[in-house]
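Working notes for the structure below.
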Amino acid sequence: MPYVRALCAGALVGALYALLRVRSPAPPPVALFGLLGMLLGQSLLELR
């Protein structure tokens, strides 16, 4: 369930950014690696 909430929040913020035409401060590949790092870190903490 937390993943669904996070996905919805991300989609909402993404839609808001698109409506306001806000440019992301990070290039897309850098942002994706950051998200991957957050997911991996959360997974590692859940294993403890």
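Please go through the stretch 12-48 and pick out each residue that is of a type in the set (S, T, Y) and either in a loop (DSSP other than H, G, I, E, B) or touching a residue at least 12 places away in the same chain (Cβ under 8 Å) (or both).
Hit for the stretch 12-48 is S24, nothing else.
Report yes if V30 is on the phi < 0 side of the Ramachandran plot, surrounded by 10 or more Cβ atoms within 10 Å (Cβ to Cβ) and not charged (D, E, K, R), otherwise no.
Criteria met by V30.
Conditions (1) at pLDDT 75 or above; (2) open to solvent by less than 90 Å² (accessible area, probe 1.4 Å); (3) not acidic (D, E), marked per residue:
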position	(1), (2), (3)
V4	yes, yes, yes
L7	yes, no, yes
L12	yes, no, yes
Y17	yes, no, yes
V22	yes, yes, yes
P25	no, no, yes
G34	yes, yes, yes
G41	yes, yes, yes
L44	yes, no, yes
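The values are calculated or read from the model by the stated rules, or taken from the named source; none is laboratory data. Keep in mind the model is a prediction, meaning the values are calculated, not measured. Backbone-built Cβ (ideal geometry, glycine too); neighbour counts: all protein chains shown. The protein model used for the area step is the full one, side chains on, heavy atoms only, and it has no ligands, DNA or RNA in it. Shrake-Rupley method; radii C 1.70, N 1.55, O 1.52, S 1.80 Å.
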